[in-house]
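Input: a single structure, listed below in structure tokens.
No lab work stands behind these numbers, since they all come straight from the coordinates. These numbers were taken from a predicted model, which means no experiment stands behind them. Heads up, the Cβs are rebuilt from the backbone with ideal geometry, glycines too, and the neighbour counts pull from every protein chain shown.
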């Protein structure tokens, strides 16, 4: 009768991950013998012993049945930012997705505070400033376009320059 008042069953205790004190469950979906658990801090993937933070996800796609997540992999650390690449895509068939796809999309999108793409002497780079749940300020990272020779000194220098401009722009009043 009042379907909109119906609440989803609670996550079974055996499937509940070890949450931090300020972390709370927002949505979950059964995945075979486990669960995919969405919290305010990130997503707990089935079988994982650690949470994937919203700022650690490059892409998410929802087909209506399958959730595909492309995590970021750290390939380098530079002065004030991290160099990232796409990690292996993980896919989950969600027969009862509930709010999981919407929560994941919303939270990944909301984590991005600044993004811009820049051409470099060879190739290009995307600069991203992301909010990290539980931390002040932005976490800065870059992701090079395929084929960009990121190990060359002139590319690293040009990247340092565009990250500096991005940080200054993001910190400007009214932004």
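What the table shows:
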{"quantity": "Which listed residue, of 62, 54, is surrounded by 15 or more Cβ atoms within 10 Å (Cβ to Cβ), under 14 Å from residue 108 (Cα atoms), over 12 Å from the mean Cα position of the chain (by Cα) and in contact (Cβ under 8 Å) with a residue 40 or more places away in the chain", "calculated": "62"}
{"quantity": "Options 159, 106, 70: the member that is within 23 Å of residue 35 (Cβ to Cβ) and either part of a strand (DSSP E or B) or in contact with a strand residue (DSSP E or B) (Cβ under 8 Å, 6 or more places away or on another chain) (or both)", "calculated": "70"}
{"quantity": "The stretch 109-131, residues that are touching a helix residue (DSSP H, G or I) at 6+ places or on another chain (Cβ under 6 Å), closer than 21 Å to residue 152 by Cα and in a strand (DSSP E or B)", "calculated": "118, 125, 127"}
{"quantity": "Condition met for residue 88 (free of Cβ contacts under 8 Å to residues at least 40 places away in the same chain and within 30 Å of residue 32 (Cβ to Cβ))", "calculated": "yes"}
{"quantity": "Condition broken by residue 153, with the remaining ones in (1) within 30 Å of residue 51 (Cα to Cα); (2) surrounded by fewer than 18 Cβ atoms within 10 Å (Cβ to Cβ); (3) out of contact with any helix residue (DSSP H, G or I) (no Cβ under 8 Å at 6 or more places or on another chain) satisfied", "calculated": "(1)"}
